[in-house]
Protein chains: 2
Amino acid sequence: MSARTGSIIIEGVSPEIDAGRHPVKRVVGESLTVEADVFKEGHDVLAAVVRYRQLTPQSTEWQERAMKPLGNDRWQATFALPRNGRYAYTVEAWPDLFATWVSELKRKVDAGRDVHSELLEGAALLEQTAARARPVLASDAQRLEAAAAVLKQGPSVEVTAAALDAGLTALASRYPDRTLVARHERELEVFVDRERGQYGSWYEFFPRSASGDPHRHGTFADAERMLPYIRDMGFDVVYLPPIHPIGRTARKGKNNSLSAGPEEPGSPWAIGAAEGGHKAVHPRLGTLEDFQRFVQRAAEHGIDVALDIAFQCSPDHPYVKEHPEWFHHRPDGTIKTAENPPKRYEDIVNFDWLGPARESLWHELESVILFWVERGVRIFRVDNPHTKPIPFWEWLIRRVQDVFPDVVFLSEAFTRPKVMKRLAKVGFTQSYTYFTWRVFKQELEEYLTELTTPPVADSMRGNLWPNTPDILPELLQRGGPPAFRIRGALAATLSSVWGMYSGFELCEGRALKGEEYLDSEKYELKAWDWDRPGNIRDFIASLNRIRRENRAFQLYKSLAFHRADSDRVLFYSRRTPDGTNQVLVALSLDPYEAQEAVLHVPLSHLGLPQDETYQVQELLSGGSALWRGGSAHVKLTPERPVAIWRVERFLRRESGFDYYD
Amino acid sequence: MSARTGSIIIEGVSPEIDAGRHPVKRVVGESLTVEADVFKEGHDVLAAVVRYRQLTPQSTEWQERAMKPLGNDRWQATFALPRNGRYAYTVEAWPDLFATWVSELKRKVDAGRDVHSELLEGAALLEQTAARARPVLASDAQRLEAAAAVLKQGPSVEVTAAALDAGLTALASRYPDRTLVARHERELEVFVDRERGQYGSWYEFFPRSASGDPHRHGTFADAERMLPYIRDMGFDVVYLPPIHPIGRTARKGKNNSLSAGPEEPGSPWAIGAAEGGHKAVHPRLGTLEDFQRFVQRAAEHGIDVALDIAFQCSPDHPYVKEHPEWFHHRPDGTIKTAENPPKRYEDIVNFDWLGPARESLWHELESVILFWVERGVRIFRVDNPHTKPIPFWEWLIRRVQDVFPDVVFLSEAFTRPKVMKRLAKVGFTQSYTYFTWRVFKQELEEYLTELTTPPVADSMRGNLWPNTPDILPELLQRGGPPAFRIRGALAATLSSVWGMYSGFELCEGRALKGEEYLDSEKYELKAWDWDRPGNIRDFIASLNRIRRENRAFQLYKSLAFHRADSDRVLFYSRRTPDGTNQVLVALSLDPYEAQEAVLHVPLSHLGLPQDETYQVQELLSGGSALWRGGSAHVKLTPERPVAIWRVERFLRRESGFDYYD
């Protein structure tokens, strides 16, 4: 009891994930708006601030932003996040004793009461305030003392006016009695990613298939020659499946067959052979220097390179011999291969993540990340993180980002919802999602709303993929090019970050069984005809151009769904918080038939008056139109299943004209 | 990193108020259902328990209840709360290594795989389990070792069957490897009140007005004679305004006038005079022994006595002279009187709650509570708690309930919502509410839903009062006896705890101004004619009888609103969780005109099939009817504005008849 110097309550702080257990996420240039319930007994005037600092060794000074009361004891302040990295923040509050006194004095004066004693109390408060001001700014202390002297003259119209002067209250509030401060019981964190953590268009391809000849193993030099093609489609991240030496033991053959012929290349995810492991490059792709040149060339095209991190080994990985303590052993002494019965992954062995050698194992895996970071890689797409201990990822990502805050981690967590969300909370920058399987209207609206609004959106950013080397969804198998246009447009316009696996632009839709590609690149070299008839390269390029030219598409939390009178037509908007960029999207989910719908334009959401004519420009065709009022009609066809309109108000009026007056 | 022995995540624990900062509330005989998200990477079989114990010096043993998976990684368990007092609870989980092994073995056997090595692994797990079992139950250890020996025989149909035997898995799961345990990072609390903390019907009256003669100060002996009257109306708590000596300085006169005549009694809330303070009894009410006899007589009628705790003093209170350090002093040395400008309370001085002498002040006030607790009082209605520091209440209530867990505190927090809710969270058993001002349909539905469902209902219990000595609401001033019936019925049927201030049953509705009673008892002696024509004593008695006879009304969280096709008719149900008591209430909010409505009977909520005829008994009239299907019609009049039906299914069928077979 004796430790409580004040009685201010601070609760309901937001954002706060799981009582501060996890950081919230933002990107550079965004700000953080913090709210809290702040109150105490009685009627005292309170002051509250958000305190924050960047958690770097260099800059540990706390800064403050005054919170403003929103009503109902809710307070709010916003601070800018100019730098990549981790920040801490919390809330403090204290009673503003002089402002409280002023508020009571005013009511007493209004009631015609004698305030002789009150003025003496006010003078005492000002003198105490002056004492706190003196070491900071002597002139302020002098002004406060002078005001105290006036108050001591006793009641008069002039003295009362001096006491109630707003400037005096503001001056006194700058020197509060901080011994009465209350602080939120937790320090919270926000991790601020560089922009690529939130906005990006990813293109995945196999460098070994880049030679153009199915019988010649592609190289990084071949892959370099693909960069203009990728850049011309508007992508800014190329993601490469594992580039390391591939094991020979139990190597998988064409179409995942159990035995590979001598010339079959094996799965890139069976990492490690005599030539090296996670820090080596497959000799047929080239050298480490070749890889670094590829990264450099990509950068010249404005493209980041993302590497696949699959923390597992082929039985031939050097780790297996050098560090048997890192693996599970069977009672007969052999190392266990991976399996999820009845499925077996004979070409892969897993680490013993929590075993006695975990400390050296975890540090070695950290060194793998740092090895590639030091060679210019700043984006990692992490394979199956949900099969490794979640505390490992929390430890790893924090350690890496403490030194390299610009590193982005994409979680391939195609797993149960709670696990997927926890991986996001413990640090993954982005996550794969169930979008890949969400194809109809209600499920898309519900799921994307959940993904792009708090609390989920405070820690998880959904990277939307219409296909991956593991997943050729049913709609793409059935729906032909219209289905590819629909799914590409959805991914590119529903989230600020999306990606596709090469072949998507060629409308490659032949399945082996289930959702497996026929003749999958995972197990063989391929040669693609990038100019294949029926490709949708131009359409993809248009989508990425529209994303680049419209800021609303680059923000993750800018999505809202609106009413369209059809269960096959999705209608949504993306907008910047300040409304300077506002886009409407109407999209048919039907690859087979034309669909028409009345769209209910969300005028108030867009800040448009009911009775104003505004212009919309359709960004795929470039055509413009004048709209007015809350409804519009759209017809979408399998060939043109999507319309994207930028909303442009007419803002100039005669009164703004230079010579009007 | 090295401290992490496992990788199980426990999050999303419910109930949990503000990250465990505050206890949840239940009453004796209820149970606590705890849920949590429990998961880890991969596919291991997990086990989870809720651990709990009562926080008394005597019983500190932790107990456990196994949690069951609900799907989607959500787990649940329920434990009983048989005793009054505080409990701690948390969640633990661990991987069930043998069950995980069994699950994988089964899939491998189904896939026709050689499981030689697997059986050796299983045998090793069973031997480790046996070692843990040995100190607990040797026979279990022997069974586990025997099973291990069987597994070592190697693959055969019999050995596989033995390994997959469900009894063996269940036995092994009783001896888990608790070194792998994960525990929720917080220990949570539930405070279990005695039943009166949740269910009660309160009657407030001024003992000094109990003589029947406005010129003779009532005594505790007079008050005793009112007990049968109060009991016959079905009340089980009588709440007395302060019974202490009343100050003479600045004593308030009739209708709150600033000067009192020599015979005027003053406000009971101006506590303290030469005769004593918070531990004394007003001499004209009688002696402390008289009070204790009153408490005893009330108990004989099954009635608890609630005292008013107003922690403030008249200027004549002995504390003022004996402990000047407990009060605010003005610069001229005088003690500040209470005020909320322009309102002044010249007859009251406030404590300096957070001043230098707070420690002795807080302990003295604690001793006031304990003084009355030791004299048989177990319910306190706390006056204006929101004008005192909230940390004081948290400290006080916890200290008192640590020793006397049966003490109930009602918070008169007619204040801002966040303050009201925080007072509930820090320990007040019940709270006054805004019900007093909620009179129309939508506002009643919204507010009562908020009050009676989590998260609010986990810590706050609304005690509904249609009137108080300070509040004669407008509807009662305007609507005559029908308005009193409506407001009484609402209070008595919407919450498990309600109360009225005497005179309500006489339909006393004359106001001075605003919501103040004319000739308020707060400032003068009164004589009431309890048989006054037009009284609604019998109606009140019926309401309380119905509450006593129907368990659903005694539970706080049993309310649900349903559709009635009229904006003047409210339709709601109360039901026990097991459905053994289900009641429907239709209530007209219109004191002036008859109202009819179609009621949409919530068949699925009540567990009634669409095509079954069921009986309803109207509990005010006693009449019964047969209903069928989802709609009913009701006509309510100002004279009979409410109908309360108990739903009674016909459950007997020929197949249940004794001689049927």
Notebook entry, point to check: Restricting attention to the stretch B:324-363, and to residues there that are in a helix (DSSP H, G or I) and within 13 Å of another protein chain (Cβ to nearest Cβ), which single residue is surrounded by the fewest Cβ atoms within 10 Å (Cβ to Cβ)?
Noted result: B:GLU359
Next item on the list: Output the number of the condition that A:GLU64 fails; it satisfies all remaining conditions of (1) buried (at least 18 other Cβ atoms within 10 Å of the Cβ); (2) more than 14 Å from every other protein chain (Cβ to nearest Cβ); (3) over 18 Å from the mean Cα position of the chain (by Cα).
Entry: (1)
Checklist line | Residues located in the stretch A:185-202, provided they are within 14 Å of chain B (Cβ to nearest Cβ) and closer than 21 Å to A:LEU81 by Cα | finding: A:ARG186, A:GLU187, A:LEU188
Item checked: Exclusive hit being outside any helix (DSSP H, G or I), of a type outside the set (Ser, Thr, Tyr) and away from chain B (no Cβ under 14 Å), set A:VAL136, A:VAL159 -> A:VAL136
Check: Is it the case that the stretch A:541-557 has a residue that's among the aliphatic types (A, V, I, L, M) and assigned to a strand (DSSP E or B)?
Finding: no
Next item on the list: Looking at (1) surrounded by fewer than 19 Cβ atoms within 10 Å (Cβ to Cβ); (2) assigned to a helix (DSSP H, G or I); (3) in contact with a helix residue (DSSP H, G or I) (Cβ under 8 Å, 6 or more places away or on another chain), find the lone condition where A:GLY212 falls short.
Entry: (2)
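Can you find even one residue in the stretch B:39-46 that is β-branched (Val, Ile, Thr) and under 30 Å from A:TRP353 (Cβ atoms)?
Yes, the stretch B:39-46 contains a residue that is β-branched (Val, Ile, Thr) and under 30 Å from A:TRP353 (Cβ atoms).
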Checklist line | From B:ALA48, B:ALA19, residue being crowded, with 20+ Cβ neighbours inside 10 Å and either more than 14 Å from every other protein chain (Cβ to nearest Cβ) or among the small types (Gly, Ala, Ser) (or both) | finding: B:ALA48
Check: Going through the stretch A:243-264 one residue at a time, which ones are surrounded by fewer than 22 Cβ atoms within 10 Å (Cβ to Cβ) and assigned to a loop (DSSP other than H, G, I, E, B)?
Finding: A:ARG248, A:THR249, A:ALA250, A:LEU258, A:SER259, A:ALA260, A:GLY261, A:PRO262, A:GLU263, A:GLU264
Check: So which residues in the stretch B:79-120 are among the basic types (Lys, Arg) and either more than 21 Å from B:THR169 (Cα to Cα) or assigned to a loop (DSSP other than H, G, I, E, B) (or both)?
Finding: B:ARG83, B:ARG86, B:ARG113
Note to self: Any residue that is within 14 Å of chain A (Cβ to nearest Cβ), of a type in the set (Phe, Trp, Tyr), touching a residue at least 12 places away in the same chain (Cβ under 8 Å) and in contact with a strand residue (DSSP E or B) (Cβ under 7 Å, 6 or more places away or on another chain) - is there at least one of those in the stretch B:97-109?
What the structure shows: no
Next item on the list: Need at least 2 residues that are touching a strand residue (DSSP E or B) at 6+ places or on another chain (Cβ under 9 Å) and within 14 Å of chain B (Cβ to nearest Cβ) per element, so show me which helices (runs of 4 or more DSSP H) inside the stretch A:385-462 make the cut, counting only ones lying wholly within it.
Entry: A:390-403, A:417-425, A:456-459
Item checked: Matching residues in the stretch A:622-654 - criterion: being among the aliphatic types (A, V, I, L, M) and in contact with a strand residue (DSSP E or B) (Cβ under 7 Å, 6 or more places away or on another chain) -> A:ALA625, A:LEU626, A:ALA632, A:VAL634, A:LEU636, A:VAL642, A:ALA643, A:ILE644, A:VAL647
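Condition (residue is within 14 Å of chain A (Cβ to nearest Cβ) and buried (at least 17 other Cβ atoms within 10 Å of the Cβ)) applied to the stretch B:75-83: is it met by at least one residue?
Yes: one or more hits.
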Item checked: Hey, A:GLY499 in the same structural domain as A:PHE414 (by TED's automatic domain parsing) and crowded, with 24+ Cβ neighbours inside 10 Å or not -> yes
Notebook entry, point to check: What about B:LYS279, is it closer than 29 Å to B:TRP395 by Cα, at pLDDT 95 or above and of a type in the set (Lys, Arg)?
Noted result: yes
Item checked: Residues of the stretch A:594-622 satisfying the condition of being assigned to a loop (DSSP other than H, G, I, E, B), more than 28 Å from the chain's Cα centre (by Cα) and more than 20 Å from A:PHE561 (Cα to Cα) -> A:ALA594, A:ASP611, A:GLU612, A:SER621, A:GLY622
Notebook entry, point to check: In the set A:VAL616, A:VAL569, A:VAL598, which member is out of contact with any helix residue (DSSP H, G or I) (no Cβ under 6 Å at 6 or more places or on another chain), of a type in the set (Val, Ile, Thr), over 29 Å from A:PHE235 (Cα atoms) and surrounded by 13 or more Cβ atoms within 10 Å (Cβ to Cβ)?
Noted result: A:VAL598
Next item on the list: Taking A:ASP37 as the residue in question, decide whether it is modelled with pLDDT of 95 or more, crowded, with 20+ Cβ neighbours inside 10 Å, within 30 Å of B:ILE9 (Cα to Cα) and within 10 Å of chain B (Cβ to nearest Cβ).
Entry: yes
Notebook entry, point to check: Counting only residues that are more than 26 Å from A:ASP213 (Cβ to Cβ) and without any contact (Cβ under 8 Å) to a residue 24 or more places away in the chain, how many does the stretch A:501-537 have?
Noted result: 2
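The values are calculated or read from the model by the stated rules, or taken from the named source; none is laboratory data. None of the values given here were measured: they were computed from a predicted structure. Note: ideal-geometry Cβ built from the backbone for every residue, glycine included; neighbour counts use all protein chains shown.
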